[in-house]
Ligand code: B3K
Ligand code: ZN
C-alpha cells in the first residue's frame, strides 16, 4: 500500500474546534456531473483558526468565506483545511460529483434509474467538504433540482417548504428539517416512484403523513410495510411514551443498498428486501423481517436521531438500544419465546464466533480504522443484550424511568454510552459500577456451575465461577456483573421457593466475583436446576446436566425459553458425542429416550406451533464451530446429518400426521397462520429425508400458493439432496428470473447447496441473467451463503472454495469494499482449522494484503487476521 490507513482511538476524542449551526444545500442532479452547493454558518469554538473539513472522491469547484473567494487552504485526498478563519462566518463550498460511477454505494449514487444517498457512517464527506462527525449538529435545508420527467419525486429530510418548475424541463423541491442533526442523517432521493400514502394520528392528536416510495409496479407489495410502520408508531407511544415529531415520515425502497435500511431523519432509505412483500413473492420470514426493520428504523427517531452519538465509538448507544427496542416490539406483537430463541441463536452462533475471531472488540470499540467495519453483531446484538441485562437488573418500571431521564438530559444532543448508563443508574438507584465493564471488555464469559444437595440440612448449593478467555484484542479480563436467572424444580414439576439466609430471594442472582457460592435453604428434595433462563446474560454455560434432567426440564420448566434450551443442550450433548464417534470410527448413537422427548414435544397440543418448530431446529454448524478449538468440518456435518436422519426416521409417523393436519385452506399472515406453516414446513424438512420425501416435496411445490410453502419445498429438496432438486430449481428460475429480489432466494440455495458439485454450479450461476456482483443483495445471497453457510464445500481440502472467495474479493475491493468486508469474515477465522486449511486460507488473505490498492475496510481485517 502506498499510504497505510491510520487507526483512530476512542481515548483521543476531542470536542470540535468549530461548529456548524445551519447548512443550506442545493443539488443540481445529473448522472455524471452533479453540482452541490453547501452554505454553512460556522462558529469558532476554540483557539485554532484552521478549519478542518473531511472530503473524499469529488472535485472541489470553489470555496467562499463570507461570499468572498477563499484560496487560503490546503487539500489532501481526504481533507480540506481552511486557514485563517475565525469568529462566526458563512462558508460556501461547491463540489462536483459523479453518482453514476459510485459503485461503493456510499454518498450520492444511482440505484437503478433513481438517485439516493447513504451517509452513515462517513458518507456525507463524499457529497461536500464538511465537519463530518456526529457531534456537529446543524439545521439543514435542501433544495433538489432535477429533470422533471425522469425524476418527478425529489425528496429530502424534514418538511417540503417550496417547489416549482425551472427552465430546461427541470423542477425543484425545497426541504427544511427543523431538528438539528449530524450529517450522517442527511438523505436525498430522486426518482419516478409509485407511492403508498396513509396518515397516523399521534397520541397528542397530530396528523402525520406516511409515504412509502417504491419502483413503479410494486405498489401491491407495500401494504405490509405500511402496517408495520403504523404498528411501530403506536407501540413506541404505548411502551416508551415516545411520539413522532415531524409532519411527514417517508420510506423509500431501493434495490442497490449495502445494508438493511437507514434511519435518515424523516426519510428512511430501505433495501427493497425490507419493504416489498406479497404472498407470491415473500416468505413469512421476510414478513417478520420487514416488521422488525421498519420498527428498528422508526425507533431510531428517538434513540439515534433525537439523541445521537458523540463519536462513532459510541455506536452501540444507538444501535444496541434500538435493537433492544425492536426485539421488544416484535416480542410484544408476536411470540416472545420464538423471538427470544432466534435472538439467542444469533448470539451463540455468529456473535460468539466474532468474539473468538481477530475482529473481537467490546461493544464500545477502542480502536477503529474503517468505521463501517464496526456495524457488527457485537455492537448491535451483544449491545442489545447489555441493554437487556440492565432491563433485567432494574425491571421495566425503573428502566422506563431511566429512559425518561436519559431523554430529559440529552434530547437534541450527542451523547455517550456512559451518559446512558448514568441515567439508568440515577433513575433506579441500582449500582451499575461493575456492570459498566460490559462496555469495555470484549469476549464471551464462561459460567461454570457446580451443584450439591445435602439431604440432612436440606440445603442446595450452587457454586458459580466466571472466566472470560482472552480475546485477540484484549489479553486480561476482569470479573463482570452477570445476572443469572435460575429456578429450582421439585420432581413433581413444581417450582421451589428460593431462600437464602432465611429470606426469600429473587430468581436473578448477581454474579460479580470470580467464584461465588449460593446456599438455598429449606429444599426438601434434590431439585433440578434451570440455569440462565431467558439467556439472562450473553455467556456460555457449563453445567453437567444429565440426560434425565434435561428431559425433565423440556417437559416441566415453567419458562418456554428454558424448555427450548434444555432441548438444545440435550441435542448438543449428542452432537458432541457423535463428532467424537465419527473421529474414532465408532457407531453413532441417539438414545430412544432422547427421541421420545422430542416425540413428546411434537405431540404436545398445548404448545404454540411456531415454538414446536423451533424445538426441532438443531444448533447450526457455525454455533457448533464455537464449541471447539479446532474444527472438524466433516465430522460436524456427519454428526448433524445423523441426528436429523434419526429424528426423521423415528418420528416419521408423527411428522406425517403433523404435516397433513396443518394444511391451511387459505393464506394469511397472522401469527397463528405463520406458526402453522412453520411447523408444517419443519415436518416437511424431516419427511424429505424419508422415502416419501420426493413425492411430498414435489406435491407441495406444485400446489403452493405462497412463497413460504414454495421455498420450504425447495429448501427441503436442497438440504436432503433430493433428485427433484434440479427440476424445482429450473422451474423457479424460469418463473422468477425477471425479479432479483425473489431470485435471491434461489441464489441462496445455489450458494448453500450441499452437493459436491456445488462450487462449479455457483461459478456458472455468476453468469445468470439475474446475477450481478454490482448488486449487494445478489452478491450476499450467492457468495455470502457459500462462504458462511456451506461449510463442507467452502472448506473443501483442495482450497478451491477459498480461492473462489479470494477472486470475488479482489473484484469487490475495487467496486464495493463495504460488501467485500462483510464477505471476508469466514476467511478471518482460519485459526480454527487444521494446518493445511490454515495455509490455504491465509494464502488468500495474503493475496489481498499484497495489493497496492487494498481498501481500508479490507486492510483493517486482513491485517488483524495476519498479525
Ligand atoms: N444505522 C444504519 C446502519 C448504517 C451502516 C453504515 N455502514 C442502519 C441501522 O442500524 O438502523
Ligand atoms: Zn440501527
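Derivation of every value follows stated rules applied to the coordinates shown; laboratory data play no part. Quick caveat, the model's predicted, so the values are computed rather than measured. As a convention, Cβ positions derive from the backbone with ideal geometry for all residues, glycine included, and neighbour counts pool all protein chains shown.
Checking the a/c ratio against 1.5 first, then a/b against b/c, what shape does the Cα gyration tensor give for the range 462-606? Working shown, then result.
Values: a/c = 2.18, a/b = 1.14, b/c = 1.90.
Cα axes put the range 462-606 in the oblate bin.
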Which log10 I(q)/I(0) values does the range 706-777 give at q = 0.11, 0.19, 0.22 Å⁻¹ under the Debye formula, counting every alpha carbon as one identical point scatterer? -0.24, -0.75, -1.02
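Take the alpha carbon gyration tensor of the range 1-59, find the square roots of its eigenvalues, order them as a ≥ b ≥ c, and report rounded if a/c is under 1.5; if not, report prolate when a/b exceeds b/c, else oblate.
Details: a/c = 2.87, a/b = 1.22, b/c = 2.36.
Judged from the Cα gyration tensor, the range 1-59 comes out oblate (a/c at least 1.5, b/c at or above a/b).
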Would you work out if the chain is rounded, prolate or oblate? Take a ≥ b ≥ c from the square roots of the eigenvalues of the alpha-carbon gyration tensor; rounded if a/c is under 1.5, else prolate when a/b is larger than b/c, oblate otherwise. prolate
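Can you compute the equivalent ellipsoid semi-axes for the range 330-478, i.e. the square root of 5 times each eigenvalue of the Cα gyration tensor, sorted largest first and rounded to whole Å? Don't jump to the answer; show the numbers that get you there.
Details: eigenvalues 155, 110, 61 Å².
Calculated on Cα positions only, the semi-axes equal 28, 23, 18 Å.
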Starting from the Cα of residue 243, step 7 Å toward the Cβ, then list every residue of the range 396-430 with an amide N under 14 Å from that point. none
Quick one: order 8, 181 by neighbouring beta-carbon count within 10 Å, fewest to most. 8, 181
Share of antiparallel DSSP beta bridges in the chain, in percent to the nearest 5? 80
Can you compute the FRET efficiency between residue 499 and residue 450 using 1/(1 + (r/R0)^6), with r the Cβ-Cβ distance and R0 = 22 Å? Round to the nearest 0.05. 0.65
How far apart, in nanometres, would the label points at residue 280 and residue 194 be if each is projected 7 angstrom from Cα along the Cα-to-Cβ direction? 1.1
Taking only Cα atoms of the range 154-241, the Rg to Rh ratio with Kirkwood Rh works out at 1.01
Pulled fully out, how much extra length does the chain show between residue 774 and residue 850, if you take 0.36 nm times their separation in residues and subtract their Cα-Cα distance? 25.0 nm
Whole-Å semi-axes of the ellipsoid equivalent to the range 216-305 (Cα gyration tensor, √5λ, descending): 22, 14, 11
Which percent of Cα-Cα pairs in the range 659-711 sits in each 5 Å bin, short to long? 4, 20, 33, 28, 11, 4, 0
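According to the Kirkwood expression over distinct Cα-Cα pairs, how big is the hydrodynamic radius of the range 609-665, in Å? Spell out each step's value before the answer.
Values: mean 1/r = 0.0748 Å⁻¹.
After inverting the pairwise mean of 1/r, the radius is 13.4 Å.
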Alpha carbon centroid spacing (whole Å) that separates the range 273-294 from the range 743-775: 22
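For the range 38-178, just run the numbers: alpha carbon Rg, then divide by 2.2 N^0.38 Å, N being how many residues it has. List each step's numbers first, then the result.
Values: Rg = 16.2 Å, N = 141, 2.2 N^0.38 = 14.4 Å.
Relative to the rule-of-thumb radius for its length, the range 38-178 sits at 1.12.
Stretch residue 21-residue 336 to full length: gain in nm at 0.36 nm per residue minus the Cα-Cα span? Please list the in-between numbers first.
Values: separation 315, 0.36 × 315 = 113.40 nm, distance 4.37 nm.
So the chain would gain 109.0 nm between residue 21 and residue 336.
With each run of n ≥ 4 DSSP H residues scored as -39500 (n - 2.57), what mean residue ellipticity at 222 nm is computed for the chain after dividing by its residue count and rounding to the nearest 500 deg cm²/dmol?
Details: 29 runs with 337 residues, N = 867.
Result for the chain: -12000 deg cm²/dmol, rounded to the nearest 500.
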Unit Cα scatterers, Debye sum, the range 52-134: log10 I(q)/I(0) for q = 0.19, 0.23 Å⁻¹: -0.84, -1.09
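Could you put 703, 156, 228 in order, starting from the residue whose Cβ has the fewest other Cβ atoms within 10 Å? Please list the in-between numbers first.
Details: 703 11, 156 28, 228 25.
Lowest to highest Cβ neighbour count: 703, 228, 156.
Give me the one-decimal Kirkwood hydrodynamic radius in Å for the range 746-867, with the sum taken over alpha-carbon pairs. Spell out each step's value before the answer.
Working: mean 1/r = 0.0699 Å⁻¹.
Every distinct Cα pair counted, the radius reaches 14.3 Å.
Taking neighbour Cβ counts within 10 Å as the exposure measure, how do 56, 860, 614 sort from fewest upward?
Values: 56 17, 860 22, 614 25.
Fewest-to-most ranking of 56, 860, 614: 56, 860, 614.
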Would you mind calculating the gained length between residue 525 and residue 803 on full extension (0.36 nm times residue separation, minus the Cα-Cα distance), in nm to one decimal? 94.1 nm
Alpha-carbon spread of the range 514-579, three principal axes, descending order, Å: 40, 30, 21
Which distance in Å, rounded to a whole number, links the C-alpha centroids of the range 460-536 and the range 622-689? 33
